[in-house]
Amino acid sequence: MRQPIAIKLNDIPDVIAREFRDRDMITVYVGSNAATPTASLDAITAALKIGCPKLPYVRMVHLLLQGPVAYVEGGLQDRIMAYSIFSTSEVRKAANEGRAFYLPCTLANLDSLIDKDRPYMPDVAIFKVRSHEATGEYSLGLSVEALHTAIDHATCVIAELDPSMPFTQGQSIVDASSIDYLIQDDIKPVYVSPAPDFDHLPPAERRIGELIATHYIRDGVTIQAGIGQIPDAVIGSIKEASFRNLGIQTELYGDGLMMLQQQGIVTNRMKRQHMGYSTTSLIMGSQALYDFVHQRAGIQMRPCTVTNSAEVIRKNSPFISINTAMGVDLFGNVWADFVDVRHYYSGVGGQPDFVRALNDPTYGVPIITMKSVTTKGDSKIAPVHPPGVSLTASSYDGVVIVTEHGIADLRGLTIGEKALAVASIAHPRFRDGFLKSVYEDPLFTKIPGGRPGKTPHGVTMYQGSIALE
């Protein structure tokens with residue numbers, strides 16, 4: 001079997017210059033999230049700054065990158081440009097200032113961007129791998145997403161050998177012959193984040209978690225949940241309720257899902273596809289999480305085209321999908337990647353994939369969660385969505401909205417009923433105003449007999465004991 005050529009970090013620019021000496025522009029697909037190959041990105045940026053060796057114009061295509069992203073700094077955009085499908089603070093700021101592009105795409109459809117003869121088919125793929133101590137196999141570890149497609153089509157495949165990364169099972173295995181260059185150097189390790197404190201989450205998030213666990217989680221369901229205080233609160237409520245035989249099919253596996261699996265709440269025995277193990281495309285969290293997933297057969301990696309596939313989601317019904325959003329309007333439109341049309345925030349991620357896969361209640365429930373107000377006290381519920389922003393769920397999608405004040409199940413409701421339901425779970429400071437505007441607006445057709453003070457269709461108000469601050 002052909003083995004990769006061992007190189008150092010400072011060899012990367014020379015390799016690219018030699019491989020693409022006749023090209024004016026190349027596309028590089030970059031591994032993401034906790035397995036961001038920061039050291040390699042720094043080496044490329046340093047070469048571009050000094051102009052030696054001479055490199056073609058570089059398009060960097062990627063999901064969320066952890067750590068510093070040197071190539072988005074001002075003054076480099078005539079040599080290199082980020083095309084970010086999902087972003088964190090540094091790339092977000094660059095995109096809002098014209099130093100990076102936001103490339104909207106759901107995770108299930110990543111191949112539509114980077115597959116053969118597609119607009120961003122990569123010339124180069126750069127990512128991290130971990131070698132197996134006994135077999136010598138390579139694993140993509142914490143980040144699989146669309147990397148197999150990138151590897152298949154790139155003419156130059158560069159991998160950082162990172163012993164700090166866990167060796168994960170499933171479709172994370174890469175044969176040595178698929179790697180052209182293996183970086184064996186003093187690289188930056190994988191990114192580690194602290195585990196959540198499930199016993200001290202804020203009350204608003206705990207209310208949301210209680211509402212979802214009480215009304216939608218049942219023994220044997222398959223769940224998708226990300227990371228953040230609201231998903232953590234849902235997981236905490238699931239733990240307290242002692243559900244049994246849950247399954248996991250998610251795009252991002254974190255400390256909370258590990259906790260459920262450690263405690264035997266997650267067994268994956270009821271899943272009809274991938275029975276017996278959790279499936280994910282990305283892993284991100286604490287060192288304890290990385291130690292847990294290392295060589296563990298009970299957690300297996302799959303590309304986003306599998307974890308976010310409507311066919312696979314429906315096979316693993318009943319399926320409960322839990323995602324967060326920036327806001328929702330009275331029509332039931334949801335947005336997650338923009339604050340407004342001039343303020344990009346993150347990306348659509350996989351939210352639309354799960355929403356559309358679960359548009360038939362036969363298969364499960366797509367839940368959108370959010371606190372009712374921003375940190376500045378503004379309502380996250382709006383009369384209409386900001387003009388020009390992309391929607392992760394539209395009014396015709398049957399979603400369930402959950403805030404700390406209650407549930408608005410919008411499935412099967414008319415526009416007027418949706419408006420009353422969404423208004424009912426707004427913060428009390430805004431609720432009466434929203435309801436009044438709906439009742440007084442003749443363009444909203446209301447159900448006969450509806451009146452102020454009567455709980456609208458689809459609404460379940462919070463009745464628990466958790467007091468808000």
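The values are calculated or read from the model by the stated rules, or taken from the named source; none is laboratory data. Predicted model, so just to flag it, every value in this text is computed and none were measured. Using ideal geometry, Cβ is built from the backbone for each residue, glycine included, and neighbour counts are taken over all protein chains shown. The accessibility values were calculated without ligands, DNA or RNA, using every heavy atom of the protein model including side chains. Shrake-Rupley method; radii C 1.70, N 1.55, O 1.52, S 1.80 Å.
Taking the condition of being in contact with a Cys (Cβ under 8 Å, 6 or more places away or on another chain) and among the charged types (D, E, K, R), how many residues in the range 262-320 meet it?
0
Could you check, for the range 314-333, whether at least one of its residues is of a type in the set (Gly, Ala, Ser), within 19 Å of residue 393 (Cα to Cα), open to solvent by less than 10 Å² (accessible area, probe 1.4 Å) and touching a Ser or Thr at 6+ places or on another chain (Cβ under 6 Å)?
Yes.
Could you tell me which residue of the range 356-369 is nearest to residue 206 (Cα to Cα), considering only residues that are surrounded by fewer than 24 Cβ atoms within 10 Å (Cβ to Cβ) and within 20 Å of the chain's Cα centre (by Cα)?
365
Any idea which of 261, 287, 229 is among the polar types (S, T, N, Q), touching a Gly at 6+ places or on another chain (Cβ under 9 Å), closer than 24 Å to residue 66 by Cβ and surrounded by fewer than 24 Cβ atoms within 10 Å (Cβ to Cβ)?
Residue meeting the stated conditions: 261.
What single numbered condition from (1) in a helix (DSSP H, G or I); (2) open to solvent by 20 Å² or more (accessible area, probe 1.4 Å); (3) touching a residue at least 40 places away in the same chain (Cβ under 8 Å) fails to hold for residue 273?
Just one mismatch for residue 273, condition (1).
Being outside any loop (DSSP other than H, G, I, E, B) and either hydrophobic (A, V, I, L, M, F, W, C) or touching a residue at least 60 places away in the same chain (Cβ under 8 Å) (or both) is the filter here; which residues of the range 312-322 pass it?
312, 313, 319, 320, 321, 322, listed by residue number.
Taking the conditions exactly as written (part of a helix (DSSP H, G or I) and not hydroxyl-bearing (Ser, Thr, Tyr)), does residue 227 satisfy them or not?
Judged against the criteria, residue 227 is not a match.
Would you point out which residue out of 306, 341, 328 is farther than 23 Å from residue 418 by Cα and over 17 Å from the mean Cα position of the chain (by Cα)?
It is 341.
From 356, 431, 411, grab the single residue that is among the basic types (Lys, Arg) and over 23 Å from residue 321 (Cα atoms).
Selected residue: 431, the only one of 356, 431, 411 that is among the basic types (Lys, Arg) and over 23 Å from residue 321 (Cα atoms).
Select from the range 414-432 the residues that are surrounded by 13 or more Cβ atoms within 10 Å (Cβ to Cβ) and under 19 Å from residue 370 (Cβ atoms) and list them in ascending order.
Just the residues of the range 414-432 that are surrounded by 13 or more Cβ atoms within 10 Å (Cβ to Cβ), to begin with: 414-427, 430-431.
Selection gives 418, 419, 420, 421, 422, 423, 424, 425, 426, 427, 430, 431.
What helices (runs of 4 or more DSSP H) completely inside the range 104-221 contain at least 2 residues that are touching a Gly at 6+ places or on another chain (Cβ under 8 Å) and touching a residue at least 24 places away in the same chain (Cβ under 8 Å)? Break it down stepwise before answering.
Details: elements: 111-114, 147-153, 203-215.
Of the helices (runs of 4 or more DSSP H) lying wholly inside the range 104-221, those with at least 2 residues that are touching a Gly at 6+ places or on another chain (Cβ under 8 Å) and touching a residue at least 24 places away in the same chain (Cβ under 8 Å) span 203-215.
Just to check your reading of the model, which residue among 350, 377 is among the small types (Gly, Ala, Ser) and more than 18 Å from the chain's Cα centre (by Cα)?
The unique qualifying residue is 377.
Given (1) assigned to a loop (DSSP other than H, G, I, E, B); (2) at pLDDT 95 or above, identify the lone condition not met by residue 233.
It fails just one condition, (1).
Conditions tested, residue by residue: (1) of a type outside the set (A, V, I, L, M); (2) closer than 28 Å to residue 226 by Cβ; (3) in contact (Cβ under 8 Å) with a residue 60 or more places away in the chain; (4) open to solvent by 30 Å² or more (accessible area, probe 1.4 Å).
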residue: 16; (1), (2), (3), (4): no, no, yes, no
residue: 19; (1), (2), (3), (4): yes, no, yes, yes
residue: 29; (1), (2), (3), (4): yes, yes, yes, no
residue: 48; (1), (2), (3), (4): no, no, no, no
residue: 52; (1), (2), (3), (4): yes, no, no, yes
residue: 60; (1), (2), (3), (4): no, yes, no, no
residue: 66; (1), (2), (3), (4): yes, yes, yes, yes
residue: 74; (1), (2), (3), (4): yes, no, no, yes
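Which numbered condition in (1) of a type in the set (Asp, Glu); (2) open to solvent by 10 Å² or more (accessible area, probe 1.4 Å); (3) under 18 Å from the mean Cα position of the chain (by Cα); (4) within 27 Å of residue 7 (Cα to Cα) is the only one that residue 111 fails?
Unmet condition: (4).
Can you pull out every residue in the range 139-164 that is open to solvent by 10 Å² or more (accessible area, probe 1.4 Å), over 23 Å from residue 250 (Cα atoms) and not small (Gly, Ala, Ser)? Walk me through how you get there before you give the answer.
Residues of the range 139-164 that are open to solvent by 10 Å² or more (accessible area, probe 1.4 Å), as a first pass: 148-149, 151-155, 161, 163-164.
Adding the requirement that they be over 23 Å from residue 250 (Cα atoms) leaves 152-155, 161, 163-164.
Scanning the range 139-164 gives 152, 153, 155, 161, 163.
Which ones in the range 382-399 are among the hydrophobic types (A, V, I, L, M, F, W, C) and surrounded by 23 or more Cβ atoms within 10 Å (Cβ to Cβ)?
Within the range 382-399, 393, 399 qualify.
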